[in-house]
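Working notes, beginning with the structure itself.
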Amino acid sequence: RGLDCVVVEPSPGMLVKAREHMADFGVHLHLIRGIGEALPFPDGTFDRVLCDSALDHFAAPELGVREMTRVLKPDGRLVLSFVNYASVSARVSRFWYRIDRAVFPARAEKLRFWDSPVPHEHVFECTYRNILALCGQYLEIERALGASMMFGVPGWGPLLRRLPERQATRLLRNLDRVSRRVPALADVVFTVWRRRL
């Protein structure tokens, strides 16, 4: 759409995949090998910075947020999305995991999607509260929007399949409506931040 886009990615393998996708879709992006904690750009370079469900993989999330803030233009925006480990889904699932592990002790060691602490490849537990505290040191939140509710809850898929399609659709729409209005309860949260004045 005419945007000049830059992608920062630490993995050489992922950069190869990105080049393949660029060719497949006929788009051009500036691909740069680097890390979010040390962005190779001058202060105030970008109108928008997008960090899509990646902050919990940064070695130093706070430094990453500080760097993303640094490279924003004064009127720029940081768009940050994350899987919310304090969602309703996480809470319901963890309750179910406790029951399952008590009844079937042999399964106790198995890691599951919503377990806390977060999986080993994560260094930070993204919750709405944690993100507000982390980003709020440098930025002001402009907007937050939740998406989805009940993803990954044990038995949720089979339950939905048992309901008549109309009821299942209505239930999902109502849950989506709640997650949009109350992002702290949602499975995934999208936030938009602006620099502090």
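The values are calculated or read from the model by the stated rules, or taken from the named source; none is laboratory data. Bear in mind the structure is a predicted one, so any value in this text is a computation, not a measurement. Quick reminder, even Gly has a Cβ in these numbers, built from the backbone with ideal geometry, and neighbours come from all protein chains shown. Just so you know, the surface numbers come from the protein's heavy atoms only, side chains and all, with ligands and any DNA or RNA stripped out. Shrake-Rupley method; radii C 1.70, N 1.55, O 1.52, S 1.80 Å.
A few points about this structure:
- Complete set of residues in the stretch 109-122 that are among the acidic types (Asp, Glu) and either open to solvent by less than 60 Å² (accessible area, probe 1.4 Å) or at pLDDT 95 or above (or both): 115
- Hey, residue 119 within 30 Å of residue 8 (Cβ to Cβ), out of contact with any His (no Cβ under 8 Å at 6 or more places or on another chain) and free of Cβ contacts under 8 Å to residues at least 40 places away in the same chain or not: yes
- Matching helices (runs of 4 or more DSSP H) fully within the stretch 114-197 where at least 2 residues are touching a strand residue (DSSP E or B) at 6+ places or on another chain (Cβ under 8 Å) and not aliphatic (A, V, I, L, M): 128-135, 165-181
- Screening the stretch 139-158 for residues that are open to solvent by 50 Å² or more (accessible area, probe 1.4 Å) and over 20 Å from residue 115 (Cα atoms) and picking the one that is farthest from the chain's Cα centre (by Cα) gives 158.
- Check on residue 10, surrounded by fewer than 19 Cβ atoms within 10 Å (Cβ to Cβ), in contact (Cβ under 8 Å) with a residue 12 or more places away in the chain and in contact with a Gly (Cβ under 7 Å, 6 or more places away or on another chain): yes
- Of the numbered criteria (1) farther than 18 Å from residue 143 by Cβ; (2) over 17 Å from the mean Cα position of the chain (by Cα); (3) of a type in the set (Val, Ile, Thr), the one residue 69 fails is (1).
- For residue 106, the requirement of being of a type in the set (A, V, I, L, M, F, W, C) and open to solvent by less than 90 Å² (accessible area, probe 1.4 Å) is not met.
- Condition broken by residue 81, with the remaining ones in (1) open to solvent by 10 Å² or more (accessible area, probe 1.4 Å); (2) polar (S, T, N, Q); (3) touching a residue at least 60 places away in the same chain (Cβ under 8 Å); (4) on the phi < 0 side of the Ramachandran plot satisfied: (1)
- Count of residues meeting criterion [under 22 Å from residue 116 (Cβ atoms), out of contact with any helix residue (DSSP H, G or I) (no Cβ under 7 Å at 6 or more places or on another chain) and open to solvent by 30 Å² or more (accessible area, probe 1.4 Å)] in the stretch 55-68: 1
- Once the stretch 15-43 is narrowed to residues that are outside any helix (DSSP H, G or I) and of a type in the set (Gly, Ala, Ser), the residue that is least open to solvent (accessible area, probe 1.4 Å) is 34.
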